[in-house]
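Structure first, then comments.
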Amino acid sequence: MVDPITLEVIQERLISIVREMRATLARVAYSSVLYEARDFSCVVMNAKGEAVAQSEDNPGHIIPLPWSVRIAIERFAGDIHDGDVILINDPYSGGTHLNDVAVICPVFVGGELVLFPAIRAHWADVGGMTPGSLSGTSTEIFQEGVRIPPIKIYERGKLARGVADLMFANMRVEPERRGDLQAMIETCRTAERRIHEMAAKFGMDRLLEAIGLVLDRTEAQIRDLIGRIPDGTYVYEDYLDASGTTDDPVLLKTRIDVAGTDIHVDFTGSAAQVAGPINASLAVTTTAVFTILKTVLDPDLPVNHGAFRPVRVSAPEGTILNARFPAACGGFAEIRRRTQSVVMGALSRALPEAIAGDVKGSANHCYVGGLNPETRTHFIFYEYPAGGTGGWLESDGCSAFRSFDEGDFSSIQPVESIENELPLVIERTALRTDSGGPGRTRGGLGIERDVRVATERASYSVLSDRCIIPPYGLHGGAAGAPNAFTDRHAGAERQPGKIPGKATACPVVRGDVVLMRSAGGGGYGDPLERDPRKVADDIALGFVTEAGARESYGVVLARGGDVDEAATATRRAALAAGRCRARVVAHALADGEYANGRRYVQVASALARTHGLADGAPVEIVVDVGAPLRAWTRINDALPDGCVWLGTEGAAMIGARPGDVVRLRALALGGGNASLASAAGAGAPTAAAAGR
């Protein structure tokens, strides 16, 4: 048996190997997306393909890797040797999107395969129809770049030169791609040396026994925590903005069944896979579930495969959460984040004090690419602005900050790196005022960044989400401001592409300014319960405008910036009295709960007129505990005055019963584009209305 002290030493040494891998790759990588943004993750896995050690890595990179390793083991059964290097980016084989390329290196000790150090890193370009490869309007995987099934790029230490030449010939900025690959391989070789050192110190049998104990111990710890969740079924739903080829919202539904120390998360009812880039494999969907459960239940202990054993995830094949070839998967990060949102929303009723408001909800892929006239080579600027995190029980959300699911990525690219390497000028970077969702604790603020094009011509591509349907608040908290990506040409602001957040190679010229506005986090708790002095501090710091404070928080300032307590009390009483409250009815209505892929709630006509709810307008059904139900309005003259029909599923989602009183709140959608009428509905409210 391994004694407890040795067990801890072995666990920490394995984690230290991963940290050394991270430090090494950041120093030797060729592209700024790796050495500045740190858009990569490292892991050590056992011979079964189970993660045994990771550190400050992106779960979206790491958790799907066991699928890739297991597929590689099956593909090369009996043909894996010392000196082999396996390469893979295939989304249908445990990959994410094509830009995330994984290097897997088997380590042998005494002739036995024992461990796999592996790295998944974002390559700035892997070919495809636009610089940077990621496109908001791609319709199949072939448009997104070179798809790499499990292949040996090195076999017994020898480079497969023809494979490498063919691959790199189809990628832009080839020297960077070759350099990053070699940096990843040498980083894994560093890990291999450290593993041999551990085997020499502890003995291989002892080391493997300790790894097994670590996984078993983690499983026992997470099962104990799952057992504290009340048994039951928890459901929720939310939407992606649009597929990229149509402007219809895309539905995600989840059902979480908790029984003892086991959890089953099922996504039946979610939309079918789409002709757009927002599809994902079941590996990505499972990653989203694991990330939330680990973060909520056990944020402090090391991450390894033992934590995932009690959780089962299912989604029907052919849906956006378990897509079939040849579905485009460039927006895997967007669908992963929305999957996390619906899991959080479901758990917000089971663990109301443990869940925060929603985050920005997107990786916010922004690319400016073209030909550098000085070097006559391609350049690619890849930006990924962070946003606000959600407010939570004890505190406001963080501003311009990476959230729990993104590892230690930087918030944005450094100005010096951009302007030194690329024909671009950063004109402005600031926090985005009024973007944090109002609540008793406020959501964090997003970022504003203006980037001027300093070359004759270039192209601008965006793959984002939460640009129309904003991040939700919790327990009465309001939504954060949605993401927004536009550009300014000849003094006029315009939207690239037809759908907000979905654009492919839109032309920009010298002097144009790319405008990036990232989302704020959702608020937590009733905004009218926020300490007025905190609101005054927010105004003084530029986080909230005076108009926003008055509309969303009911806080009025006197001259000098102090809180006018009497005016604030009057204003708050008026806002509370003006809220739209409705009694839930159980009428069986023939129209059903869904139409055209979105939920509808039916509102009595007099109630709708009183509160300015137009037919087809988006609304949130707000409850004191949990996430809001999001839907579109149908006016129904047959309903009793003051009543709302939510449907059986809708009522269950927020725990509402016939006779209960709920609050309807207009939901302000982003985009500002007339072509979105089918998504926004007639009579969409002003942004100020969203906070009440």
Return a whole-number percent for the relative contact order of region 195-296, with Cα pairs under 8 Å and 6 or more residues apart as the contact set. 19
If you count only protein heavy atoms with a 1.4 Å probe, what accessible area per residue comes out for the chain, rounded to a whole Å²? 35
For the chain, compute Rg over Rh where Rg is the Cα radius of gyration and Rh is the Kirkwood radius from the inverse mean 1/r over Cα pairs. 0.98
Taking region 97-163 and dividing mean pair separation by its residue count, relative contact order in percent (alpha carbons under 8 Å, at least six apart): 24
Please work out the Cα center distance from region 510-525 to region 46-90, rounded to the nearest Å. 36
Could you pull the accessible area for Glu456 with a 1.4 Å probe, rounded to 10 Å²? 110
Under 15 Å Cα-Cα from Lys534, which aspartates and glutamates qualify once same-chain neighbours fewer than 8 residues away are excluded? Glu394, Asp396, Asp434, Asp526, Glu546, Asp562, Asp564, Glu565
The chain - share of DSSP beta bridges that are antiparallel (%, nearest 5): 90
If you average over every viewing direction, what projected area does the convex hull of the Cα atoms of region 272-338 give, in nm²? 4.8
Provide the convex hull volume over Cα atoms per residue for region 233-283, in Å³. 76
Spit out the partnerless Cys residues in the chain, using Cβ distances under 4.7 Å as the pairing rule. Cys42, Cys329, Cys366, Cys398, Cys467, Cys506, Cys580, Cys643
So what is the 222 nm mean residue ellipticity for the chain from helices alone, if each DSSP H run of at least 4 adds -39500 (n - 2.57) and you divide by all residues, rounding to the nearest 500 deg cm²/dmol? -8500 deg cm²/dmol
To the nearest 20 debye, what charge dipole does the chain have about its Cα centre, counting +1 at the Cβ of each Lys and Arg and -1 at the Cβ of each Asp and Glu? 860
Over 28 Å (Cα to Cα) among Lys48/Lys294; Lys294/Lys502; Lys48/Lys360; Lys158/Lys294; Lys253/Lys294 -> Lys294/Lys502; Lys48/Lys360; Lys158/Lys294
Percent of C-alpha pairs per 10 Å bin, region 25-80, short to long: 22, 40, 30, 8
How would you rank 375-385, 236-246, highest first, on the average number of other Cβ atoms within 10 Å across their residues? 236-246, 375-385
How many percent of the accessible area of the chain is carbon or sulfur, using a 1.4 Å probe? 52
Taking +1 at the Cβ of each Lys and Arg and -1 at the Cβ of each Asp and Glu, which of Ile211, Pro316, Tyr35 sits farthest along the dipole of the chain towards its positive end, judged by Cα position relative to the Cα centre? Pro316
Residues of type aspartates and glutamates that Lys152 reaches as a straight line, Cα spacing below 15 Å, ignoring anything fewer than 8 places off in the same chain: Glu74, Asp79, Asp82, Asp84, Asp90, Asp165
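The values are calculated or read from the model by the stated rules, or taken from the named source; none is laboratory data. Keep in mind it's a predicted model, so treat the numbers as computed, not measured. Don't worry about glycine lacking a Cβ; one is built from the backbone with ideal geometry, like all the others, and counts go over all protein chains shown. For the accessible areas, the whole protein counts, side chains as well, though only heavy atoms, and no ligand, DNA or RNA atoms are used. Shrake-Rupley method; radii C 1.70, N 1.55, O 1.52, S 1.80 Å.
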